[in-house]
């Protein structure tokens with residue numbers, strides 16, 4: 001089992017790939033990627049993410 005943390009580098013990569021989307025869509029892309037990273041493991045804490053996009 002890989003115990004690597006998700007990390008800021010991976011977060012920035014996902015945001016960079018999805019910057020053109022709405023804030024809601026960016027948030028969902030990050031959460032989807034995080035869930036892929038976690039895999040089938042049970043999540044014992046909440047996931048909090050705030051995306052602000054200047055238009």
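The values are calculated or read from the model by the stated rules, or taken from the named source; none is laboratory data. Every value quoted in this text rests on a predicted model; they were computed, and no experiment measured them. So basically every Cβ, Gly included, is an ideal-geometry build from the backbone, and we count neighbours across all protein chains shown.
Applying a threshold of 6 Å to beta carbon distances and a minimum spacing of six or more residues, or different chains, the list of pairs starting in region 30-41 at a residue that is farther than 16 Å from residue 4 by Cβ and ending at one that is in a helix (DSSP H, G or I) and at pLDDT 90 or above reads 30/14. Just one of the numbered conditions (1) free of Cβ contacts under 8 Å to residues at least 24 places away in the same chain; (2) surrounded by 10 or more Cβ atoms within 10 Å (Cβ to Cβ) is not true of residue 54: (2). Within region 4-35, if we keep just the residues that are farther than 16 Å from residue 52 by Cα and touching a helix residue (DSSP H, G or I) at 6+ places or on another chain (Cβ under 7 Å), the residue that is surrounded by the fewest Cβ atoms within 10 Å (Cβ to Cβ) turns out to be 6.
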